[in-house]
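So the structure is just underneath, and the comments pick up after that.
Read the figures in this text as sums done on the coordinates, not as results from a lab. Just so we're clear, the structure is a prediction, and the values are computed from it rather than from any experiment. Positions of Cβ are generated from backbone atoms using ideal geometry, with glycine treated the same way; all protein chains shown enter the neighbour counts.
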Amino acid sequence: MKVVLGVAGGIAAYKACSLLRLLSEAGHDVTVVPTASALHFVGEATWSALSGKPVHTDVWSDITEVPHVRIGQEADLVVVAPATADLLARAATGQADDLLTNVLLTARCPVVMAPAMHTEMWEHPATQANVATLSERGVHVVPPASGRLTGQDSGPGRLPEPEDLFAICQRELSHPGASPTSHAGARASGAAGGVSADASLKSRGDLEGRRVVVSAGGTREPLDPVRYLGNRSSGKQGYALAAVAVQRGADVTLVTTSGLPVPPGATAVHVETALEMQAAVREAAASADVVVMAAAVADFRPAQVAAHKIKKTHGPDADGAADDSAPTVALVRNPDILAGLVAERGGASAPVLVGFAAETGDGTGSVLEHGRAKLARKGCDVLVVNEVGAGVTFGKDENTVHVLRRGSEQVLDVGPATKTTVAGAVWDVVSDLL
Ligand code: CTP
């Protein structure tokens, strides 16, 4: 397929090199069209060497070939990554002052734009209006990711990872006309970090029309009004699962303890404790096709939650004097949410149940052996076994997993890979089961 990779002048231009590689390795014929400013970040020699073609920024080169018309007309897909605020403005107003904007005006194929810029520029009403205009015209605008930006600042504005953009390009090429993505909900949910569901953000895919529930993050079990028992789960894998499910067309409820920005298009239910998570998951599961328990649920909680902050000298001892010893915290068991869903389900319409298990190999068995035993014990349909160890997995952006299916000897090994790639592999397995 003929793909045009437009690159505008932002620091994230370096990520477009990886996207170019992925597109070329997939067998596509890629023409890179940078803007003049993009060449300040990555030079012409790099684009020519990686694409194996000459690279131009204006309409005055190879004039007999009329490239400013031909490149757009012949393309099967145009992807602009990164798309800067300036490029979005020029595209939205139909300007044709360089080769890339000419290509955008002549292209009749799907167009994907991945904006990347500082949060203030992204959130400015001018940029938002341009994005809305482009979305209305059928451009698939990929909402920017949140995270660390060029300087010390962080927030929405990062270019999504090349692997994710590549997956979107592949989908656009295989389902031309897949519904475009709008941006309005991305801003609402990202900024508020709260509840958001914007149906227009969903693009067509194999999970179209499916209702999925994903739990994410580590539960917090209060000891008193200021302290809790928690764990090191960041929630990133659950968020990646939710984001990919939205991209693939699902109606996603994310039950979460995490403060990460909610993936655009997902509906978030914020909870803290295992009991709250159980109530929210059960309610959402009643009408769901799939439940993925990616959360790290505490197995125990303090038997009593002190109404007031527990003091260093915490109470009268047997003689009625202030007690200087350390208090003992009694724990009680939390319900096993996943096991409860397994026990309660019945009938053909029961949801597909997916568990996660963080395992280390030890003297009693390997990571896989522990995973298989847990799959049998839990009775869920799919178990995603996470390899953990010192510094591995918690809070990191990469993950190594083995995906096991009930009743099958086959194991799908994934990684080390981004949590988004892992999420894609999990949804592939679930999609087969559905
Ligand atoms: N889980 C759950 N409720 C709990 C504990 C765990 O729903 N109270 C879910 C997790 O979300 C995960 C799966 O069960 O999907 C496996 O979690 P894990 O902690 O590995 O399982 P446990 O049965 O608690 O096993 P272990 O004794 O190894 O901690």
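Side notes on the structure shown:
- Unit Cα scatterers, Debye sum, the chain: log10 I(q)/I(0) for q = 0.06, 0.11, 0.13 Å⁻¹: -0.30, -0.87, -1.11
- Partners for LYS236 among lysines (Cα-Cα distance below 19 Å; same-chain residues under 8 apart left out): LYS396, LYS419
- Computed E for LEU434/GLN170 - FRET, C-beta separation, R0 25 angstrom, nearest 0.05: 0.75
- Straight Cα distances below 13 angstrom link LYS15 to the aspartates and glutamates GLU161, GLU163, ASP164, with same-chain residues fewer than 8 positions distant left out.
- Sparse-neighbourhood loop sites, trypsin sites (Lys or Arg not before Pro) in region 233-335 - DSSP loop, at most 16 other Cβ within 10 angstrom: LYS309, LYS311, LYS312
- With Cα atoms defining each centre, region 101-166 and region 280-347 are spaced 42 Å apart in the structure.
- Anchor LYS309: aspartates and glutamates whose Cα lies under 16 Å away (excluding residues fewer than 8 positions away in-chain): GLU221, ASP224, ASP323, ASP324
- Ranking PRO125, LEU23, ALA167 by how far each Cα lies toward the positive end of the dipole of region 2-181 (charges on Cβ) leaves ALA167 at the top.
- ALA126/ASP29 FRET efficiency (R0 60 Å; Cβ-Cβ; nearest 0.05): 0.95
- In this label model, ALA96 and THR360 are separated by 6.4 nm, measuring between points 7 Å along each Cα→Cβ vector.
- Computed E for HIS40/ASP153 - FRET, C-beta separation, R0 22 angstrom, nearest 0.05: 0.60
- Label-point gap, in nm, between VAL305 and SER18 - each point 7 angstrom along Cα→Cβ: 4.1
- Three-way shape label, region 2-181, alpha-carbon gyration tensor, a/c 1.5: rounded
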